[in-house]
1. Most exposed first by the Cβ proxy, i.e. fewest other Cβ within 10 Å, how do Tyr175, Tyr371, Tyr185 rank?
2. To the nearest 0.05, how large is the calculated FRET efficiency for Val238 and Lys481 if R₀ is 45 Å and r is the Cβ-Cβ distance?
3. Need one word for segment 87-154: rounded, prolate or oblate. Basis is the Cα gyration tensor (sqrt eigenvalues a ≥ b ≥ c); a/c below 1.5 gives rounded, then a/b vs b/c decides.
4. Report the paramagnetic label zone for Thr422: residues of segment 441-485 whose backbone N is under 19 Å from a point 7 Å from Cα along the Cα-to-Cβ axis.
5. Suppose R0 equals 22 Å; then what is the FRET efficiency for Leu403 and Trp283 from their Cβ-Cβ distance, rounded to the nearest 0.05?
6. With r as the distance between the Cβ atoms of Lys198 and Arg113 and R0 = 35 Å, compute the FRET efficiency 1/(1 + (r/R0)^6) and round to 0.05.
7. Describe numerically, in nm with one decimal, the distance between label points set 7 Å from Cα along Cα→Cβ at Ile269 and at Leu250.
8. With labels modelled as points extended 7 Å from the Cα through the Cβ direction, what inter-label distance (nm, one decimal) is found for Val165 paired with Arg373?
Amino acid sequence: MLVGKKQIWIFYIASILFVCLDLLFILLRINFMAGLLPLAALIIYLALFSLDKLMLFVVFCTPISINIFQVPGLGLGDIGVGMALPTEPIMFGIMLLFFMHIAYSGYDKKILRHPVTIMISLSLIWMLVTCFTSTMYFVSFKYLLERSWGVVTFFFLGILLFKNVKNIYSFHWLYVASFLLVIGYTIVRHYPSHFSEKGAHTAVNPFYNDHTAYGALLAMFVPILGGFSLIKRFGPTVRILAFCLFLVFLMALALSYSRAAWLSTIAAIALLILMLFRVKLKWILAGLTLGLCLFFAYQTSIIMKLQRNNTDVSQDIGKEIQSISNISSDASNRERLNRWSCAYRMWLDKPVFGYGPGTYMFKYAPYQLSYMRTIISTNEGNGGNAHNEYLGPLAEEGVFGMLIMLAIATTVIALAFRLFYTLKDRDMRILVISIFLGLITYFVHGLMNNFLDTDKAAVPFWGFIAMLVAIDLTNKEQEKKLEIA
């Protein structure tokens with residue numbers, strides 16, 4: 001296929017270098033790296049000539065990626081190096097290509113002026129500011145870098161990718177197809193424990209380090225598959241397939257024993273009902289505000305009633321649901337209260353800039369009160385983060401960190417409501433509501449856990465938001481064309 005002497009020489013030189021590098025790795029007995037060379041060559045080719053396919057390749061790899069921290073024999077866990085392979089190195093490379101592209105030809109100003117883009121850009125800027133005031137510079141700048149390659153790849157570049165609606169469908173099908181492999185693997189590993197609650201904790205390893213993260217991602221894609229089963233642009237066969245996958249994901253969600261994921265799915269269903277009855281966003285927000293005010297007004301009696309609930313987690317689904325409100329004996333629930341109270345006390349000490357992005361897990365131990373500690377409490381900084389996507393930024397980035405995260409959620413919700421009520425195409429409305437409900441499951445889940453520092457959650461989270469922005473911009477362009485015509 002190559003034509004001309006120049007191209008032939010390039011081909012032979014590249015081939016010789018590839019073989020030499022492969023032999024070098026084999027001689028050094030680095031067989032793992034030698035085996036990855038063909039994949040690396042393919043990735044470089046896609047990065048240079050077909051970036052959209054490389055992004056979709058990352059999407060497919062995300063559910064089955066493995067953190068290098070968990071790979072035995074490499075010794076990287078001892079020095080605190082953690083990176084999801086193969087996704088995060090590729091996203092880092094895509095981010096560098098994006099910055100080179102921006103320096104050379106700029107970026108679409110319409111995207112930059114979009115309210116959602118402004119909020120997300122502001123979050124990165126404030127995170128950078130708090131890195132300079134951080135109590136742990138290396139940890140904070142590493143955290144910022146990890147957040148940046150997710151946002152750049154699947155939000156800023158994602159908007160350009162998703163302006164072609166076919167890529168939106170491709171994104172979902174690829175993630176679901178890969179996720180099915182993880183579901184099958186998890187069920188096989190879960191079976192020997194007779195699908196018990198305890199067995200769910202380890203069945204997801206090594207793809208997920210916790211069953212709650214697995215449940216959170218399942219919950220995000222349940223509305224997607226439900227929506228796909230109703231979209232007419234798909235033929236009957238595809239719609240039936242989508243519905244069957246919808247049932248599979250629901251089953252996997254039930255077997256995940258992730259109570260937070262169950263709760264977030266229920267919240268998404270409740271919001272869907274309100275939207276179908278065309279209840280305006282302002283009334284929903286007013287109802288939530290009223291409920292919050294009533295909670296604080298009667299918090300003493302509410303907490304006393306919750307403390308009487310001593311139903312622990314079990315294989316009985318009914319008891320598992322009842323245990324969600326158990327704050328008297330359930331170690332998981334009590335530990336969350338411990339983490340949240342620590343975040344609040346940390347914020348009181350550093351209310352403006354916080355301790356620095358990514359530092360909560362290393363700094364919260366002294367803020368634990370003895371009577372709030374549980375059997376799973378630790379001082380080692382290895383027990384996870386604040387278990388909250390809003391209180392975590394409060395402790396790490398001060399009050400503005402939390403407010404910006406809330407502003408992102410509010411802006412995205414407002415955008416989704418506007419699109420749902422203004423789009424005329426039925427299939428596009430179903431697509432928008434499916435994406436939005438997937439995001440709602442994560443916004444609600446974010447009250448109880450935080451996973452945006454992982455590729456598993458970052459790719460769909462920022463990707464879903466980019467899809468809504470891309471649909472909004474495309475819709476506005478079409479409306480302008482109609483006005484001119």
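1. Tyr371, Tyr185, Tyr175
2. For R0 = 45 Å, the calculated efficiency reads 0.90.
3. Oblate shape, in that a/c is at least 1.5 and b/c is the bigger or equal ratio.
4. Label zone hits: 465-485.
5. Taking R0 as 22 Å, the efficiency between Leu403 and Trp283 is 0.45.
6. 0.10
7. Placing both labels 7 Å along Cα→Cβ, they lie 0.8 nm apart.
8. According to this spin-label approximation, the distance is 5.8 nm.
Each reported figure results from applying straightforward, stated rules to the coordinates on display, with no laboratory input. Computed from a predicted structure; not experimentally measured. Cβ atoms come from the backbone with ideal geometry, glycine included; neighbour counts cover every protein chain shown.
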